[in-house]
Amino acid sequence: MKIDCNITENYLKEKARMLTFYNRGINFDGSDAGETIAMIQNFSDANPQKTYLEDLKEKFSALNFGSIGHPNNCPRCFGYKNLPCDGTGYFQDREVGCNDCWNQIMEEAK
C-alpha cells in the first residue's frame, strides 16, 4: 500500500518507522523540507506496509472474493488478532464495516 508522505500524519508515522527500521537517529536539521519529505517517501516506497487483505491474498492467492473484493467475514475469523474492532465487523469506537479492517495497515493495529 503506497503512503503519501506529503500528508503530515503519514510523514510523521513513516519517519518514525524509518528511524526504527535503521535503529538509529538520522539528523534532519538543516535539510530542505522537500528533500526530507522525498527521503521519507523513498523509504516508504521501498519498504511498503501490508494491509490485512494484502497479507491474506499473499498467503492464499487462489481465493476469489468476487465483487466486494474481500471476505465477508471479519479478519479475526482468519486469525488476525490485533484489530481495533470487536470481532463483529465493527470498530469499537465507530460503525464501519469489515472493509475498513481488511484495508488497515497491519502494523498500525498492534
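Look at (1) more than 24 Å from Lys15 (Cα to Cα); (2) small (Gly, Ala, Ser); (3) at pLDDT 85 or above and you find that Ala46 fails only one, number (1). Inside segment 19-59, residues that are under 21 Å from the mean Cα position of the chain (by Cα), outside any helix (DSSP H, G or I) and surrounded by 11 or more Cβ atoms within 10 Å (Cβ to Cβ) make up a count of 5.
Contact annotation: residue pairs with Cβ atoms under 9 Å, 6 or more positions apart or on different chains, pairing a residue in segment 75-90 that is closer than 13 Å to Tyr52 by Cα with a partner that is at pLDDT 60 or above and in a strand (DSSP E or B), are Pro75/Cys85; Arg76/Cys85.
Is it fair to say Ala62 is among the hydrophobic types (A, V, I, L, M, F, W, C), part of a loop (DSSP other than H, G, I, E, B) and free of Cβ contacts under 8 Å to residues at least 12 places away in the same chain? So Ala62 fits the description; yes.
Listed conditions (1) farther than 16 Å from Ile105 by Cα; (2) part of a helix (DSSP H, G or I) are all met by Tyr11, apart from (1).
The values are calculated or read from the model by the stated rules, or taken from the named source; none is laboratory data. All values reported here derive from a predicted model rather than from experimental measurement. Here the Cβ is made from the backbone with ideal geometry for all residues, glycine too, and neighbour counts use every protein chain on show.
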